[in-house]
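Notes for the one structure printed next.
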Amino acid sequence: MTANVCAIVLAHDQPQFLQRVLADLKNQSVAPTRVLIVDTSKQLAASSQGYEVLKLDSKTGFSAAIEKAVAHTNPEGFLWILHDDSAPDSKALENLLREVELSPSLAIAGPKQVDWDNPRIIRQLGLTLTRGGKLFSRVRGEFDQGQHDNAEDVMAVGTAGALINLDVYRALGGFDAKAPVYAADVDFSIRARLQGSRVAVAPNAKISHKMLSMQGARPLRWLGINPATAIRQAELHLALSYANPALFVLGWLFLFPVAVANSLVLGLRSKAHAVGPELGAAFLVFTNLGSVLSSRSKIAQTTTAKIGTLSALRATGQEVRNDNKKAKDEEVSTRLLATHAMGETELLQVTPNSGFISSGAIWWALGLLALNLPWVPTNVAVSGSGVLPLSSNWLEIFGQAGATSHSIGLGFVGAADPWVWALTLLSSPLFFLPTLSVTSFMFLATPIAFAGAFKLSELVASNNLVRIVSSLSFALWPALTVAVSQAKFSQLLAIALLPWLLYSLARVARIGHKDSTRFPRTHVGIAAILLAMIAASSPVLGAVLLVLVAITAVVRPSKIVPLLSTTLLAIAWFLPLIIERIASGNWLSLLLDPGLSVPDGLEANWKLAFFGFGFDALSWGLLITVPTLIFALLALLAPKLRNTLPLWGIALLALATSWLVVGIDFDLGNGSSLGIDATSLLGLFGLALTLLVAHVADTSFVLRVSALASVTLLGLLPAAFQLVTVTPQVTYSDGQIVPSIIQADVSSGSYWRTLQLESTSEGGLVAQVFTGAGVKLNHISSGYKISSNTNPEVNPEYQELGQLVANLASANGAEIYPTLEKFGIGYILVKPVDRNLQLALDSTRELESIGLTDYGQLWKVENIPAGLQATPLDFGLLKLGQLAVLALFAWFAIPTRTKKKRKTKDSDIFIDSEEAS
Amino acid sequence: MITRAIAFVATSLLLAGALVFAPPVGLSVDLGSASGSFDVKPADQSLVCPGPLFVTGGASGTDLGVFERTGSTTLRYSAEGTGALEVKPIAIQDPAVTSLGSGRIYFAGEITNSTELRNTGASVGSPQGSMVVTGSTTQLVAIDSMRGLAAASCQQPSGDIWLVGGSTAAGREALLILTNPTPNDATADLTIYSDLGEIEVAGLSGISVLANSTTVLSIASFAPTVSTLAVQVQTSGAKLAAWIQHRVMNGTESLGVDYVYPSLAPQLESVIPGFVVRGTEAINQVAVTEGIADAGHSVRVFAPTGAEVTIQIVSTSAEVFGAVFTGTVEPGTVRDFPITDLLDGNYSVFVTSDQPVFATAKAAIGNDAGTPRIDFTWLGASEPLTEARAIMTSAVIPPDGASYLVFANPINEARSATVTSLETGVATVVSVPAQGSSLLGITGAASVSSDSGVFASVALLLNGQISSLALYQPTNLGNSVQVRFR
């Protein structure tokens, strides 16, 4: 049949695909009358291969490009639109023309779109809308066995390879320039139908379509937004454009509320990844009211029938359900193949929607965050019984890590706590405001612990609800909630990071899989850093974890190298401290907790497993231990003893160690003593138990119901109730811990020492010396706490200082100026306020009373020259070594490119063996 | 299945057994102590003695805010120690200095201003307390607007002072006397409590007491017509000495004057010795017949947190029964318990309560033939005697007057005390019966000690008028101060 066909090829920065398109165009059995390449490329101009090229600006939209092409060529007959990634089969045009010849009322004929690389797979055969207005492709990803070759009328066809009657095109005024990209072709087809023409597919005409824009592989500029949002925007635009006036007004007004409601529904249906596109599209359509109105007017001008007449062509509910099921199956098979590619031979049970977002776990994490709202941070720095603000200069924190000289007191030389390294790492993302990282972590501790436990539970259970409940019970375990309510920052840092560490270690040891000889770089890096941070925050827990790593290395000797290498960073951080403490014979003090020590009130009796169970108002949160313990014991009767027995081993080891540790007491003399906090160990105990509960709940329906119900009712609800009603005793400030006048001095570069005094009930005094802006969390050193550095009998400087303090307190008029000048003490602070001490200091003539500040009563010592703080960045060899080890493991932890999966909907049946290694 | 069951049973037994039977591990690691004990020379011991009584109203008797001293008061002091004793009248710069170290010195003389006794240059480690320096003032005033005997022990300045006594009812005057013996200015903040609770009124804070001066305030300008008073004075800048001068008039007849001196910290058991009663007939005549209710004896209790109190008045004579009664004091209020039906005798007052309270007692004396017909004295709770305390009292002896050292013993065992005359060296042992009271007449300087915690104070009678002296033990933080470093 001779018909006038003008082929338009749209080229946009894809010259490699364009080559094939143009080559196939030359091979057509029926050649088009004219070919025009419309080049809107920005960077890579198309090579024309002899065809005429119309160069347009790169920002020209699809509709405008077609319109300009039509205006340029002014053709008659038919328009054949090709994209630069749609290559027609040799008989494509011939078959399309045959269809239009058979039916003159056929305005648009679409080809069968097959896969670019594999023409036996159908990518698209017509488009339609569901009853809910969603874009729907009936045939997608199926093998072409001729099962759809009888298909004819459809609601719409995609423009790739479509043959369009130019009279109809002109009658409809072309494509709608105001419609979103994915709506333009569907809108055109619908208008064609409503105007009376037919739209059908010609299954014999095949076109290989790469579908670059659907995959998001086109540069984002062309589309403007990600594909999911674009599709949703198109759906909403179409719905509003074709709605009757009343529905249109209501629909536009309620776009956003409906989108929010939809988002909630999506979340509940485990499709949380679709929430972003939903809201974004609603926003875009709402603000582009002009486009919707112009589309509506175009529809009104060019059509007479209403869209209701096309309802027979819509996708039925059954079709939609079938499609959803197919998508799920595809996901499962893709993941199975991927794991197979990594060399694992065991059959894994992979459930769809088991990611953090798609399983809905994210909503529970946000719920935990909501429980913390009563104490939401109102300022950047948090202070409590176990936490202080950090220095405001990140370099100062970094300088302190691994340093040997400290400015605490009158100066102290000794190994720094590894804890300062942990603080340095923790505050490095917010290096401009380090103390905010401490505040944020404390506020986010329970959701972080929940997320880690959820990830970890993937190794023992597959049912999402089981995983969520067991992770919630870890997040609400008394160890963590008590650490939060008493603001014990070092403990809660250790507990919240614990599940993440165990997950990484499990991946390093390939727990549950046959051994493969690959060195799991990423997980080794992550595990090393986490283990070092946890060990720095709670040395006792670090010691137990080291033992566990060693045992695991013995049990799985093929993984001995990666496992032991995860301990290297922790050892590097602790090495100077270990050497120093063993040299002084004080090795047990290595187990002291860093930072501010808060007594944990735990004793070694039967209550320890229940975290010191008591019958008072605060014990609601402890109830959770009871059902968890019972079901964890029952887990031993469940299958897979080789999973449950090691978990019980971990639990018992943690419990036994906390039993031992609770009884250790460091006597500092004069009635003051330090203990070791067992909270983090009991956190490990709790984690093991919750994993056991997850395991047993996964085995049978009855167990699942009983375990989840009892844990939720007896444990989670009371614990959540307590978390909301008993808020932690913390105060928020801007990080200042000294009176403003001293802070102002520090800002202007003058550093005096401050002598802080406190009178005790026994009539004695407690004295503390600090330089500059006070003792922040990173300044506290456990070595300083336990050393005899401040013992006046040993250190003559403290002898002199003690005499000064005694003279000040007794107001006996003794000469105090020389000592004050020698130590550079410019301020004296009395906190808490004490009348006798105040009267004594008021009567001392060398002191000038500044008055009562927020931080106590303050006196200035007259005529003391200011010191300038020399902050030498102490870069000893040891610190460089620690830094190098840290850098090594940080480099390990960066995920490598080869691990990124391509986001295609194909299943890669034939995988390159190079890719798999 | 069998292995799982075994594992289950074994783990459960292990867990249960360990939790119940495992012994707690106790390990104590001894680290060096970061504290030390430092010898310091304590601040100079300083006592402030009140000067002559104040008369208000100026020449016309009606000028507000005019306070003038009247007459002179007799200062008696005794000192023994190291260094020197400075005797400095407040507001005049030059002190009179006497060096110590060559035996005990005694002084008695008239002063017209409040005076500071200061032991300067004492060597480190030398003892402190009333044995080093002690003093008292006595003034027998007899002018139209004021008659009575007012005596007070010289007190150590303090930063937080409670005065429970006085009244601003019609015809009663309470003057707050604040003396600053230091070279630094001080500011005082007052809190006044009455039978209805704390009195909120402007002007109570920031009262200036300049260096080396005395400030006098009329409490009636803050709390008029309050018959039951308690006042707290808190200072900053310097420590002060404080008294309340309480004067009673009935029309134009003067019914006594006395000083209220600082109370001890609130206690559950307060012991108030020195309750000496004479002239009961005259007291009853005035208090009962003429209806001047507060002319008689009473016990005043101030309960910051409220209390149930039991008041017991015990005589030195076993045959004489004193009085017992109970009552409730509302939180934050002051309550007076009038005491009637007491015969002439020597008593001590025991106040026990379920919450800490401040307790003072007012003892009246009747003087049938003389003027004033009634005089009174305010007695405060005393501390148990352990080390020797010195007291310097008047040398008057019967029949003109007497100084009585009254002992009280609140416990169930008899106790004893030793009284040594510092001038003659003669020691007398006084036994105090269980839950009872004893009396010994003294003159001049005496020291009192007890190895078992007896309570004592001095009642002073002169010409049918009465006053009292407390046994203080002034110490300053010193000698050995414990300092711990953090």
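The values are calculated or read from the model by the stated rules, or taken from the named source; none is laboratory data. The model shown is predicted, which means the values in this text are computed figures rather than measured ones. As a convention, Cβ positions derive from the backbone with ideal geometry for all residues, glycine included, and neighbour counts pool all protein chains shown.
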For B:S480, only one of the following conditions fails: (1) surrounded by 15 or more Cβ atoms within 10 Å (Cβ to Cβ); (2) within 14 Å of another protein chain (Cβ to nearest Cβ). What is its number? (1)
Are there any strands (runs of 3 or more DSSP E) wholly within region A:1-60 with 3 or more residues that are surrounded by fewer than 19 Cβ atoms within 10 Å (Cβ to Cβ), and if so which? A:52-55
Within region A:413-422, can one find any residue that is surrounded by fewer than 24 Cβ atoms within 10 Å (Cβ to Cβ), farther than 25 Å from A:Q882 by Cβ and touching a helix residue (DSSP H, G or I) at 6+ places or on another chain (Cβ under 9 Å)? no
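This table checks each residue for (1) farther than 16 Å from A:L388 by Cβ; (2) of a type outside the set (G, A, S).
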position	(1), (2)
A:V738	no, yes
A:Q743	no, yes
A:S748	yes, no
A:L757	yes, yes
A:E762	yes, yes
A:V766	yes, yes
A:V769	yes, yes
A:G772	no, no
A:V775	no, yes
Give the residues of region B:106-129 that are of a type in the set (V, I, T) and surrounded by fewer than 15 Cβ atoms within 10 Å (Cβ to Cβ), sorted by residue number. B:T112, B:V124
Checked against (1) at pLDDT 90 or above; (2) not in a helix (DSSP H, G or I), A:G614 satisfies every condition except (1)
Evaluate region A:325-344: report whether one residue or more is modelled with pLDDT of 85 or more, charged (D, E, K, R) and within 29 Å of A:Y182 (Cα to Cα). no
Go through A:A183, A:A200, A:A171, A:A177 for me and flag whichever is within 28 Å of A:E67 (Cβ to Cβ), in contact (Cβ under 8 Å) with a residue 40 or more places away in the chain and surrounded by 24 or more Cβ atoms within 10 Å (Cβ to Cβ). A:A183
Could you look through region A:804-824, keep only residues that are in contact (Cβ under 8 Å) with a residue 12 or more places away in the chain, surrounded by fewer than 20 Cβ atoms within 10 Å (Cβ to Cβ) and in a helix (DSSP H, G or I), and pick out the one that is farthest from the other protein chains (Cβ to nearest Cβ)? A:E821
Kindly provide the set of residues from region A:423-434 that are under 19 Å from A:I408 (Cα atoms) and in contact with a Leu (Cβ under 8 Å, 6 or more places away or on another chain), ordered by number. A:L423
When you look at B:A230, is it at pLDDT 95 or above, closer than 30 Å to B:E290 by Cβ and among the small types (G, A, S), yes or no? yes
Please count how many residues of region A:364-375 are in contact (Cβ under 8 Å) with a residue 60 or more places away in the chain, assigned to a helix (DSSP H, G or I) and under 11 Å from A:P447 (Cβ atoms). 6
Given the conditions (1) buried (at least 17 other Cβ atoms within 10 Å of the Cβ); (2) under 18 Å from A:D677 (Cβ atoms); (3) within 14 Å of chain B (Cβ to nearest Cβ), which single one is not true for A:V598? (3)
Since B:A238 meets every condition but one in (1) more than 21 Å from B:G197 (Cα to Cα); (2) part of a strand (DSSP E or B); (3) within 14 Å of another protein chain (Cβ to nearest Cβ), which condition does it not meet? (2)
For region B:340-448, please list each of the strands (runs of 3 or more DSSP E) lying entirely inside it that holds at least 2 residues being under 25 Å from B:A303 (Cα atoms). B:345-366, B:374-380, B:401-409
Kindly provide the set of residues from region A:537-595 that are part of a loop (DSSP other than H, G, I, E, B), within 23 Å of A:V420 (Cα to Cα) and either touching an Asp or Glu at 6+ places or on another chain (Cβ under 7 Å) or within 14 Å of chain B (Cβ to nearest Cβ) (or both), ordered by number. A:S538, A:S584, A:N586, A:L592, A:D593, A:P594
Is it fair to say A:S748 is in contact with a Gly (Cβ under 7 Å, 6 or more places away or on another chain) and without any contact (Cβ under 8 Å) to a residue 12 or more places away in the chain? no
Would you tally the residues in region A:629-682 being assigned to a helix (DSSP H, G or I), more than 8 Å from chain B (Cβ to nearest Cβ) and more than 34 Å from the chain's Cα centre (by Cα)? 1
Which condition number does B:N184 fail, the rest of (1) more than 14 Å from every other protein chain (Cβ to nearest Cβ); (2) outside any strand (DSSP E or B) being met? (1)
Mind checking which residues of region B:252-300 are of a type in the set (D, E), surrounded by fewer than 20 Cβ atoms within 10 Å (Cβ to Cβ) and over 17 Å from B:P338 (Cα atoms)? B:E253, B:E269
Given the options A:I786, A:I828, name the one that is aliphatic (A, V, I, L, M), in contact with a helix residue (DSSP H, G or I) (Cβ under 7 Å, 6 or more places away or on another chain), within 30 Å of A:E580 (Cβ to Cβ) and in contact (Cβ under 8 Å) with a residue 40 or more places away in the chain. A:I786
Just name the residue that is surrounded by the most Cβ atoms within 10 Å (Cβ to Cβ) out of those in region A:774-803 that are among the hydrophobic types (A, V, I, L, M, F, W, C) and more than 9 Å from chain B (Cβ to nearest Cβ). A:L777
The correct count of residues that are surrounded by 12 or more Cβ atoms within 10 Å (Cβ to Cβ), among the polar types (S, T, N, Q) and closer than 30 Å to A:A767 by Cβ in region B:7-45 is 4
Can you tell me which residue is surrounded by the fewest Cβ atoms within 10 Å (Cβ to Cβ) among those in region B:184-216 that are of a type in the set (A, V, I, L, M, F, W, C) and under 20 Å from the mean Cα position of the chain (by Cα)? B:V216
I'd like to verify a number: residues in region A:137-155 that are outside any loop (DSSP other than H, G, I, E, B) and in contact with a Lys or Arg (Cβ under 8 Å, 6 or more places away or on another chain), how many? 2
